[in-house]
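The values are calculated or read from the model by the stated rules, or taken from the named source; none is laboratory data. Not measured: the values here are computed from a predicted model. Because the Cβ atoms are built from the backbone with ideal geometry, glycine has one as well, and the counts that use them run over all protein chains shown. Heads up: the accessible areas ignore ligands, DNA and RNA and are worked out on the full protein's heavy atoms, side chains in. Shrake-Rupley method; radii C 1.70, N 1.55, O 1.52, S 1.80 Å.
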Amino acid sequence: MNTNDILLFSEHFSSTIQNKNLKELVGQKGKGLLGCVKEDTPPFAIITFDFFREYLNYEINAKNLLVEIAKDITNAFDKLGVKKLIVRSSAKIEGFDERGFYESIENEIQTNDLKSTIELSLAKNKSNVSVSKGNEFALIIQQLITPKLLGHLSNERRVSRNRTDWLLEIVNEKGEFSDSVKFDISTIKTVTTPISLYCSSKQDLIQQLKVFAAHSKSNESRFHYEWVWDGARFWIVQKDIEGNTTKGTAPGSNWSQRKPLICSFQPKVLHHFKEINHNWKKIECVETFKACRFPQGDIYALEGSKVITELIQQKRNEDLTADLSELLQYPIVIRMDIATSDNYGGVLLPRTETIFSLKEAFDFLQLYSKIFSELGVNTNDFCFLIHRFIISKSCALAFAKPRLPRVRIDSTWGIVDGLYYHPHDSFEFNSTNKTTKKKIRCKTEYLDVDETGKWFSKKSGSDWDWAESLNALQIKEISSFTTAIANFLDKSVTVMYFVDVDVNTGYPSLLPWFYTTEEIPDSSEKFTDVIFSGVSGLVTCIDDFELLKEKISSGTITGKFSIKIKLNPDILREKHFIESIGNYCKEKNISVELDGSILSHTYYILKKCGARVKSIDPFDPTYKKQKFYKLVRDHIPIYIESKGETAKTFQLEARELLKFLKGKAIEESYEFFWEEDEDKTIEELADIYEVIRGTCKIFGINIEELIAIADKKLEKKGGFEKGIFLLETSEEALIKVISHDEQQTLNLSFDENPILANKPYKLPQNLNLIQSSENYLELPYIAPSTEKRIVQEIKIGNQVLIIEYKTRFISIKLKDEKPSEDIKQPSLF
């Protein structure tokens, strides 16, 4: 083997002899770079798979060959005048989940240090490559571009539903978040907008990257680019290609057991939930659903010291065998419940996957009877809950607070345990205005069941990944159920649901299954600033975690780092393992990234350990904010907060309060003036009285003293009971000359006088009307009528003022007056 058999150079090295057969031996990153236009990338060389195979099998031979490899690469870069390099990994199997898993050495490397750097990279990745069966490994040696800004540019399906939607992520040279931009390339015309790699500012950089994305348009593939900006131009340093996604199959479609359930069953040892006296938490949930008149699961409990002791002794009770045989006419699931949480805890208790046989059932029952006994749990303090397997298309976790109108729902396809670690949709339903805020994510995979009953992570496919996992009716029904349960318990509650349940189960389409009042999430979510740029290690199993800890302790992993958890189905409920991750991350000050729901048990356990948990791709609905800056009754903030809103207030001092009470008197008086309903008019009057009572308190008098003052004025000037309406007054002449008209009025009898006779009187037309001139506007406080709100249109020059009296204010609208047309004159147009 010689260097020509394992080295491949980019087109920048025009004088270098190329072996084109090596292009299939370069890994995912290598293929992407080789597919780039020469001018877009820095020069690079690739050490192909064959060398790594040699290194694994004949390490001494490989190290000897490495001397020649490093020499050839160094000479090639020297001819280009390049002295600073980086070494990057390029594996054959390197999808999204594996990004960051393989070690790259991206510090500045001088060409004379290249050999030792390559050796270090090989050693670091030796164990990583062997994790994936059939994997291969190559190395890319690339010119180092000193960055001022760097980041990612992507329209991968997981971040963009449509090919034309792109995400640009920018970080600074320290790896700290700088900016994130989403844009649609369909508005960019590539014919008239050529690519320019050169840009002198961040804003110009963003624009040129948008243009670059537009020129990358493809009907067959999607792309993920890593780029670096040196202050003068940007460089593409990595290109990943994502092919078309398969359509996928419906959730639960692998499940072949479609026969109807047999419901008539008279157990010998097992107890139906309606007959259970013990206060098991999960049975309590079923009882609550029943009290709320919601559907319930058909659950049987295996409890009692005698039968549990037999299981600990590995014995098979005959009556239990008969009961299980009867239930196993259809596959079952066995869960556990515990009366005390002192030794084990009440969440993520063991449960089976789908069980088809007596052997599987007894294996589980005997194993965990023994384990819990050894943990010191009394045999009367734990039980097994058995039910027939329920297949549903979707699942949900919903969170509500008593007497509040909003409900948060997280949902995905398949089995509800998938919400612990998988991407999901988020909704918030408001029962007051019947609106739904939503965050639909790309649900790349979910937890499903195969024909053997095994639970597995299933790739969604293009027909399902961006489809909404709940429809409007399901959202409304889940919200109604969850709110009713919260009100019934008078506690905040998180409820688990089977959604779109298979008709053969005999259950309705929506089935509430379990709730908890302890696992309430934080009042705020914390999110990752970046999707692509963060450095994280993926943990799917115990071995992954141990390997990460080893790398951290040895110093292999340094700097800002987080752990992303996506546990395999066989251990996704291992509570002690999740706790060990949470405790370790708290101790090492490492963040935990989670695709799963913040309503899930996993999130709760990690938070309880004190770990910093960051949710990926936030659900951050916007809420209406109203500004009031007004005096309100004392209990109004309490009422506002009871509806799930936040009221920001402060307390006025007496002098300020008096000022605002005077304003309040005007406001309430206007509301009294405009109200037409008799009962509501009385209520407005009560509001005015409350303003009066509050003002009395400021002046240090009681209401009786105020009434005494009013009574004096009543005695002196009278009240308003007679409804006397004053028309006008005039000064009386010392010697009065009476006109003919006045003489006629004086001759009127008592009954003919409209005021004295208490008869209707037609008011003058100009009463309380707006007065205006060319540069003057006078608005009366009181509107001329309670029936007609638009009072007057006033012409000022070529404009018209439209004055409108409303309940709380007077609006003035300005509009241009249309020039009048002389209908006698012919129009040219």
> Considering Lys662, Lys643, which residue is surrounded by 11 or more Cβ atoms within 10 Å (Cβ to Cβ), modelled with pLDDT of 90 or more and not polar (S, T, N, Q)?
Replying inline: Lys662
> Within the group Lys624, Lys608, which residue is within 30 Å of Val407 (Cα to Cα) and either surrounded by fewer than 12 Cβ atoms within 10 Å (Cβ to Cβ) or touching a residue at least 60 places away in the same chain (Cβ under 8 Å) (or both)?
Replying inline: Lys624
> Hey, among the residues in the stretch 796-819 that are within 24 Å of Phe628 (Cα to Cα) and either in contact with a strand residue (DSSP E or B) (Cβ under 8 Å, 6 or more places away or on another chain) or of a type in the set (S, T, N, Q) (or both), which one's modelled with the lowest pLDDT?
Replying inline: Thr807
> Given the stretch 1-81, what helices (runs of 4 or more DSSP H) lie entirely inside it while holding 3 or more residues that are aliphatic (A, V, I, L, M)?
Replying inline: 59-79
> With (1) open to solvent by 20 Å² or more (accessible area, probe 1.4 Å); (2) in contact with an Asp or Glu (Cβ under 6 Å, 6 or more places away or on another chain); (3) aromatic (Phe, Trp, Tyr) as the list, and Trp455 as the residue in question, which single condition is left unmet?
Replying inline: (1)
>> Give all pairs with beta carbons closer than 8 Å in which a residue from the stretch 773-795 that is over 19 Å from Glu667 (Cα atoms) and modelled with pLDDT under 75 meets a residue that is surrounded by 13 or more Cβ atoms within 10 Å (Cβ to Cβ) and among the small types (Gly, Ala, Ser); count only pairs at least 6 apart in sequence or on separate chains.
In response: Val791/Ala783
>> Any residue that is small (Gly, Ala, Ser), modelled with pLDDT of 90 or more and within 20 Å of Asp298 (Cβ to Cβ) - is there at least one of those in the stretch 310-322?
In response: yes
> Restricted to the stretch 390-437, and to residues that are closer than 22 Å to Arg158 by Cβ and of a type in the set (S, T, N, Q), which residue is surrounded by the most Cβ atoms within 10 Å (Cβ to Cβ)?
Replying inline: Thr412
>> When the residues of the stretch 498-518 are narrowed to those that are under 17 Å from Leu349 (Cβ atoms) and in a loop (DSSP other than H, G, I, E, B), which ends up modelled with the highest pLDDT?
In response: Thr517
>> Just to verify a result, which residue in the stretch 70-89, among those that are among the β-branched types (Val, Ile, Thr) and either more than 17 Å from Gly30 (Cβ to Cβ) or touching a Pro at 6+ places or on another chain (Cβ under 6 Å) (or both), is surrounded by the fewest Cβ atoms within 10 Å (Cβ to Cβ)?
In response: Val82
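If we keep just the residues of the stretch 696-723 that are of a type outside the set (D, E, K, R) and open to solvent by 100 Å² or more (accessible area, probe 1.4 Å), which is nearest to Lys662 (Cα to Cα)?
Among those residues, the one meeting the criterion is Phe699.
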>> Can you tell me which condition Phe456 does not meet? The list is (1) modelled with pLDDT of 95 or more; (2) farther than 25 Å from Phe399 by Cα, and all the others hold.
In response: (1)
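Is it the case that the stretch 580-589 has a residue that's of a type in the set (A, V, I, L, M, F, W, C), over 28 Å from Lys454 (Cβ atoms) and either buried (at least 20 other Cβ atoms within 10 Å of the Cβ) or modelled with pLDDT of 90 or more (or both)?
Scanning the stretch 580-589, I find at least one residue that is of a type in the set (A, V, I, L, M, F, W, C), over 28 Å from Lys454 (Cβ atoms) and either buried (at least 20 other Cβ atoms within 10 Å of the Cβ) or modelled with pLDDT of 90 or more (or both), so the answer is yes.
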